[in-house]
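All of the numbers you see were taken from the coordinates with simple rules; none came from a lab. What you see is a predicted model; the values in this text were computed from it and never measured. Neighbour counts are summed over all protein chains in view; Cβ atoms, including those assigned to glycine, are modelled from backbone coordinates with ideal geometry.
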Amino acid sequence: MKLFPGFLVIVLFTSAYSQEAPNISVKTVNGDDVSLVSLTGKGPTLVNFWALWCEPCKEEMRALQLLYEKYSALGFSIIAINQDSPKSVAKVRSYTASQKFTFHIALDLNGELLQQFNAQQIPFSALYDKNGILVYRAIGYKPGDEVKLEAALKTLLESTGGHK
């Protein structure tokens, strides 16, 4: 699928099309081991794929930080998985520290995780409910798209009794 810059595809899933979260574990840039299953068990979890060379990705990451600050106390988690080359690891750590991102940042140096999520391009986001079922998926990013993500997130939080 070839998309043009600024083009966004959003898919909201109903139970008839449910997909379970892949059973992945990642090591964050801080050296922590994080599993998607353990995070989804605590609440809604967003998996986001991004890269330093991708300006829409970096813009989206800043918007995700705001959502994380607003909803993390209610069980919302984010794993942002970087797609840069092994040579860029130090730059990824430096960039994420300078931006003060407080959610999980991991590396996918060989692109295997991106393939497990069947993602064709970045930025790519997948939101899972507390049962690990995919409820929202977005390809691409333009300012304002985080409003759609927040709406899906609020619906999940309200259905589990946590909302803000």
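Quick look at the values:
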read-out	value
Cβ charges +1 (Lys, Arg) and -1 (Asp, Glu), total dipole of the chain, debye	240 debye
CD proxy at 222 nm, helix term only [per DSSP H run n ≥ 4: -39500 (n - 2.57); per residue of the chain; nearest 500]	-9500 deg cm²/dmol
Lys/Arg +1, Asp/Glu -1 at C-beta; the chain dipole; positive extreme among 61, 114, 39	61
Residue exposure sequence - 93, 137 - by fewest surrounding Cβ within 10 Å	93, 137
Overall Cα dimensions of the chain, principal axis frame, Å, largest first	43, 35, 27
